[in-house]
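Written out below as structure tokens is the structure these notes cover.
Nothing in this text is a laboratory measurement; each read-out follows from the coordinates by a stated rule. This is a predicted model, so every value here is computed, not measured. Heads up, the Cβs are rebuilt from the backbone with ideal geometry, glycines too, and the neighbour counts pull from every protein chain shown.
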Amino acid sequence: MFQDEAATSAIAEAELETAAVPTPKPTSMRRQQLLFCRTLSTRYDQVEVPTGCWCAGRWTHRRSCLIICVIPIAIAASCSRQYEYQNLSNNGRSKRPGHCSNLEDAGIIKNRQAFVTYINLHGLRPKLKAGTYELSPSWAASQVAETIAGGRTLTQRLVIPEGYTLAQIRAEFISSGLSGAAFDAALAGPHSQSILSSRPSGVSLEGYLFPDSYEIGATTTAAQLVDTMIDNLAAKTSTTYSAAFAAQGLSYHQGLTLASIVEREVNIPADRPVVAQIFLKRLRTGQTLGSDVTTEYAAKLLGVSFDVNLDSPYNTRKVAGLPPGPICSPGTSAMDAVAKPATTDYLYFLSGNDGKTYYAKTYAEHQQNIVKHLR
């Protein structure tokens with residue numbers, strides 16, 4: 001069923017030598033439940049290698065454990081379903097309970113002892129790699145073995161949209177199988193990237209996790225992913241925007257902060273350079289930015305309702321200057337707007353009920369816009 005002619009021959013040959021392979025010692029319930037699974041709706045099957053399992057009469061570690069002793073290896077087979085497996089000690093990954101069975105029960109291999117012998121005869125034992133694998137029941141046994149020995153693990157894609165806050169990114173980490181606690185620890189941990197040099201002490205990493213698409217492997221940790229996102233921000237923005245922000249009288253941190261406000265204030269790219277110019281002008285004249293999105297952010301940090309009189313350094317309706325740090329992770333469109341603002345006489349703007357942005361040169365004109373477009 002699952003072997004081609006060559007593999008069938010190898011299995012037959014292997015069965016002659018099964019006497020050389022000790023019968024695996026019965027495992028405890030704890031060892032049998034090293035892995036857990038969660039059903040997904042797709043076609044193949046996934047197997048995750050445990051960090052240790054009972055194998056050939058002794059306890060081994062990591063690479064010598066997968067399928068060599070199939071009893072503690074969890075896998076579920078189906079022609080129309082996929083199972084995701086997580087280690088209990090999987091570098092911050094969450095634990096997901098579910099039903100598990102071994103490779104032989106799943107129908108992926110025909111004879112587990114012969115399969116173990118096949119791995120031994122072909123020198124694959126030291127090459128087995130921990131990870132999550134996608135296996136089709138139609139594969140030959142040799143293909144299953146070579147896939148695991150070759151470390152061809154599954155990856156999943158994590159997409160962080162522009163404008164996401166740390167709270168939203170945290171939720172995406174959890175949805176991807178990484179724990180919220182591991183994400184929090186990764187944010188709190190030390191970070192030495194030079195792009196963080198202008199970030200004031202005590203200010204969070206809000207804004208520094210670059211919105212992009214990321215690959216998560218079976219052994220990817222939250223700390224590694226957070227560092228990758230910071231490094232990605234540096235690679236894609238540091239050279240381009242550091243000097244441009246400086247030309248506007250801003251440090252990189254200040255430019256990133258203003259870009260995050262622009263990101264949340266207006267969605268239309270053509271409006272962003274105008275809005276950036278208004279904010280820059282208000283900063284230079286000592287006026288408050290008057291940005292509702294900063295007040296909304298402050299309210300969420302404090303867990304209270306929106307209030308223009310909220311006592312928070314992030315409330316730019318009340319406090320002059322920029323907030324302590326970004327309020328989201330801005331994309332390059334918003335950063336471009338701060339780096340190259342428009343040249344206008346506008347000092348006010350608002351987003352109307354129709355989704356359009358309306359500008360004014362004076363407060364009186366702004367009040368007229370409020371009556372026309374917000375009421």
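Are any of the pairs Lys340/Lys361; Lys318/Lys361; Lys281/Lys318; Lys300/Lys340; Lys340/Lys372 more than 26 Å apart by Cα-Cα distance, and if so, which?
Lys300/Lys340; Lys340/Lys372
Under a 5 Å amide H to amide H cut-off, with H placed in plane at 1.01 Å, what residues pair with Glu134 once short-range neighbours are removed?
Amide H neighbours of Glu134: Val47, Leu154.
Can you sort Val338, Val308 so the residue with the fewest Cβ neighbours within 10 Å comes first?
Exposure proxy ranking, most exposed first: Val308, Val338.
Roughly how many whole Å is it from the C-alpha centroid of region 299-326 to that of region 121-175?
Spelled out, the Cα-based centre of one part sits 42 Å from the other.
Tabulate in residue order the Karplus-calculated ³J(HN,Hα) for region 226-240, using 6.51 cos²θ - 1.76 cosθ + 1.60 with θ = phi - 60°, rounded to whole Hz; enter x for Gly and Pro.
4, 5, 4, 5, 5, 4, 5, 4, 4, 5, 9, 10, 4, 5, 5
Provide Thr343, Thr219, Thr240, Thr153 in ascending order of the number of other Cβ atoms located within 10 Å of each residue's Cβ, fewest first.
Thr343, Thr240, Thr219, Thr153
Going by how many other Cβ atoms sit within 10 Å of their own, how do Asp336, Asp227 line up, fewest first?
Asp227, Asp336
Starting from the eigenvalues of the Cα gyration tensor, five times each then square-rooted, give me the equivalent ellipsoid semi-axes of region 236-375, largest first, whole Å.
Semi-axes from the Cα gyration tensor: 22, 19, 14 Å.
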